[in-house]
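The values are calculated or read from the model by the stated rules, or taken from the named source; none is laboratory data. Fair warning: this is a prediction, and the values are worked out from it, not measured in the lab. Using ideal geometry, Cβ is built from the backbone for each residue, glycine included, and neighbour counts are taken over all protein chains shown.
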Amino acid sequence: MIKAKSQAWTKIRREKLGVAAAFINVPDDSSASMRRARCIACLVAIATVATTAATYAQKQTPTEQPEVTAYVIMTPNGPATCATWVQWRAPGANPTDKESIQFWAEGYISGLAAGSRHDILGAFRLQDLGAWLDRYCAANPQTKLPLALNALGREMLAHPGGRL
């Protein structure tokens, strides 16, 4: 009965379209309904998979700390190390070098603070942080500067009162 109605509607549509309709394959309602149903089923399946994947990703807990990648100040000899920090902060150093490494270090520490979600910067003076890095880098000249700043960040977390 449904197929007969569908064929009748298709015939009426073809008659209304005229002679040109004889060359047009007008699908009947049942195939259009099936395509629509398949499309909806496909969209529901995609949404289900996406929701499941997002939920699974949120439940994952990292088993080990991921490696940290950081932008560094590049020197002619490669990435900056503690030796670079000491050299560029020496009394006779180029003022531009001195300020650039200081500003870069301040930005790196700000990023660590933002990433830790602790308000650790407010209690410290920039001069104290620079002095701590001066001492650390003098004792560890081959340490890469981001690792030295990570050590400073850990010290800041361990001493929230502002004294290093």
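Structural remarks
- Test result for Arg163, of a type in the set (D, E, K, R), outside the structural domain of Pro79 (by TED's automatic domain parsing) and more than 18 Å from Pro79 (Cβ to Cβ): yes
- Any hit, region 58-81, residues being at pLDDT 70 or above and closer than 20 Å to Arg135 by Cβ: yes
- Residue match in region 98-106 (condition: over 25 Å from Ile120 (Cα atoms), at pLDDT 85 or above and assigned to a helix (DSSP H, G or I)): no
- Enumeration of residues in region 122-162 that are in a loop (DSSP other than H, G, I, E, B) and touching a residue at least 24 places away in the same chain (Cβ under 8 Å): Ala123, Phe124, Arg125, Asn140, Pro141, Gln142, Thr143, Pro160, Gly161, Gly162
- Checked across region 111-123, the condition of being among the charged types (D, E, K, R) and at pLDDT 85 or above holds for no residue.
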